[in-house]
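Everything on this sheet refers to the single structure shown next.
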Amino acid sequence: MDIIQKPIITEKMNQMGEKMSRYGFIVNKRANKIQIKNAVEELYEVEVIAVNTMNYGGKAKSRATKSGYIPGRTNAFKKAIVTLAEGQSIDFYSNI
């Protein structure tokens, strides 16, 4: 099972990473905290202290086009906030 789908790279998450060593990831909906911790430690070679998870449900969205009203929905996802040990960090920009 592919646990980590992608990192969250936003201004708020960058500030949390610099100040508190916390990083965000979009993860598989079925992954638990232990699996997320092991995946981050293996992938980035860091020590994880804590994992907090949040489940987001999809929102109902709609748009009006020339051909009429089109209802739709955004995807549901699970977000994990990972706290690293003192003095450790993850550099998402090193592979660019």
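The values are calculated or read from the model by the stated rules, or taken from the named source; none is laboratory data. Keep in mind that what you see is a predicted model, and the values were worked out from it rather than measured. Ideal geometry is used to build each Cβ from the backbone, glycine not excepted, and the neighbour counts take in all protein chains shown.
A few points about this structure:
- Within region 19-31, considering residues that are outside any strand (DSSP E or B), touching a residue at least 24 places away in the same chain (Cβ under 8 Å) and not small (Gly, Ala, Ser), the one surrounded by the fewest Cβ atoms within 10 Å (Cβ to Cβ): Arg30
- Test for Gln35: is it surrounded by 16 or more Cβ atoms within 10 Å (Cβ to Cβ) and either touching a strand residue (DSSP E or B) at 6+ places or on another chain (Cβ under 9 Å) or without any contact (Cβ under 8 Å) to a residue 12 or more places away in the chain (or both): yes
- Restricted to region 40-96, and to residues there that are part of a strand (DSSP E or B) and among the small types (Gly, Ala, Ser), the residue that is nearest to Gln15 (Cα to Cα) is Ala80.
- The listed residues are Ser89, Ser94, and the only one of them that is surrounded by 10 or more Cβ atoms within 10 Å (Cβ to Cβ), at pLDDT below 95 and among the polar types (S, T, N, Q) turns out to be Ser89.
- Selected residue (only one of Asn55, Asn75 is over 21 Å from Glu18 (Cα atoms) and either out of contact with any strand residue (DSSP E or B) (no Cβ under 6 Å at 6 or more places or on another chain) or small (Gly, Ala, Ser) (or both)): Asn75
- Some residue of region 60-75 being of a type in the set (Gly, Ala, Ser) and within 12 Å of Ile3 (Cα to Cα): no
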